[in-house]
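All of the numbers you see were taken from the coordinates with simple rules; none came from a lab. Fair warning: this is a prediction, and the values are worked out from it, not measured in the lab. Cβ: placed from backbone, ideal geometry, glycine included. Neighbour counts: every protein chain shown.
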């Protein structure tokens with residue numbers, strides 16, 4: 001797989017994001033897109049930016065039943081490193097107190113994925129308490 005990824009110049013993200021669990025845990029492409037859209041919209045809202053001001057690149061996407069835990073990297077619209085300049089986190093980012101990570105916990109409600117919790121730019125493990133706070137499966141966070 002690494003050779004194919006290298007030859008194509010593209011990371012094979014889907015294989016890296018879905019853990020080796022039962023087939024029922026796999027995330028369909030349409031669901032993955034909906035999860036990423038929900039997390040992106042929540043990040044934009046939290047940072048008080050205009051739509052299209054950033055994108056998320058998934059690092060990991062874990063699913064357990066109706067729950068999903070996502071960690072992603074903030075990027076600018078063209079894929080460049082995200083600049084917090086137009087946000088309330090600008091000063092903290094300048095001081096090195098903000099990361100480029102977004103962590104999100106989502107739960108399926110019918111056919112839609114709803115945001116339960118999000119951490120934008122955490123400098124620590126902000127999701128450590130989420131399993132207990134939201135009765136989410138602890139296995140998502142391991």
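Before moving on, here are some points about what is shown:
- All conditions in (1) free of Cβ contacts under 8 Å to residues at least 40 places away in the same chain; (2) crowded, with 20+ Cβ neighbours inside 10 Å; (3) within 24 Å of residue 90 (Cα to Cα) hold for residue 32, with the sole exception of (3).
- Here is the figure for region 27-57: residues that are over 18 Å from residue 87 (Cβ atoms) and part of a loop (DSSP other than H, G, I, E, B) total 2.
- One residue from 107, 73 being under 21 Å from residue 133 (Cα atoms) and surrounded by 13 or more Cβ atoms within 10 Å (Cβ to Cβ): 107
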